[in-house]
1. Using packing as a proxy for protection, rank 114-120, 60-66 so that the peptide with the highest average count of other Cβ atoms within 10 Å comes first.
2. What is the list of residues in region 59-91 whose amide nitrogen lies under 20 Å from a point 7 angstrom out from the Cα of Glu103, following Cα to Cβ?
3. For region 57-153, just list the percent of Cα-Cα distances falling in each 5 Å bin from zero outward, please.
4. With Rg and the Kirkwood Rh both taken from Cα atoms, where does Rg over Rh land for region 17-89?
5. What is the gain in length, in nm to one decimal, between Ser149 and Arg135 on full extension, counting 0.36 nm per residue of separation less the C-alpha to C-alpha distance?
6. In nm, give the distance between the simple-model label positions of Gln111 and Asp62, each being 7 Å from the Cα along the Cα-to-Cβ direction.
7. Going down the list Lys26/Lys75; Lys26/Lys46; Lys30/Lys139; Lys46/Lys139, which pairs span over 24 Å between their C-alpha atoms?
8. Which residues in region 134-167 place their backbone N less than 17 Å from a point set 7 Å from the Cα of Tyr73 along the Cα-to-Cβ direction?
Amino acid sequence: MEQGGAIGELELRRKARDGSRRLRGKFPYKKRAILSDGGRTGRPRKEEFAPHAFAWRINQPDQDIHLLIGHDYGKPLASRSAGTLEIHDAADAVIFDATITPELQGAQYVQDFFAGFVAGLIGGISPGFRIPPERVAPKAEVTTEEPPSEGMALIRTIFEALLYEFSMVTVPAYKDTTVEERGGLILPPDPAEGLRRSLTRWRA
């Protein structure tokens, strides 16, 4: 499974009446991440997700998606199957709302996460995904040359990817994700469209 990342909107607000805590995160489309600077002799490599790149699994409610800490399934925060994670696919970004239950807040790793988040040390979002086989999605990804006026990087654009989880991370690759803690009711979803996906990823 591949992993990507970004820094941006991660909201964290007061507790709800039942003691749960609400997180809202936003992972933007069409924002480039630098995967490698190319070293001394190679070429830089960048990556971006096209609008609705994660739509296929998001738009299938029976497909479970998790919110984790550091891509560790042993440190879950929420999931769709548990009814504590809502994910909405919009044209500009994927937006999720997670409810961290009072019971889960008693776990040490969750307490550590909130301490790091409040201290400003954890604020990035990184997706865990797969690229589908070529026989299923022949144009799931394309690699192009960066315009000479911008640089000399190879740019990987992902059009179709199977999203399995989002993770809270300290050093994400993408610099435009956001997470916040929210109070009260979870806001209504944005309209979403369908697509199909899966993945395989290159690194330097």
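A short reminder: the numbers here are calculations on the coordinates, not readings from a lab. In this text the structure is predicted, and so the values were computed from the model without any measurement. Glycine gets a Cβ as well: all are built from the backbone with ideal geometry, and neighbour counts include every protein chain shown.
1. Highest to lowest by the protection proxy: 60-66, 114-120.
2. 64-69, 73-86
3. 2, 10, 15, 19, 16, 13, 10, 8, 6, 2, 0
4. 1.09
5. Once the chain is fully extended between Ser149 and Arg135, it gains 1.5 nm.
6. 4.1 nm
7. none
8. What the label zone holds, given the 17 Å backbone N cut-off, is 162-167.
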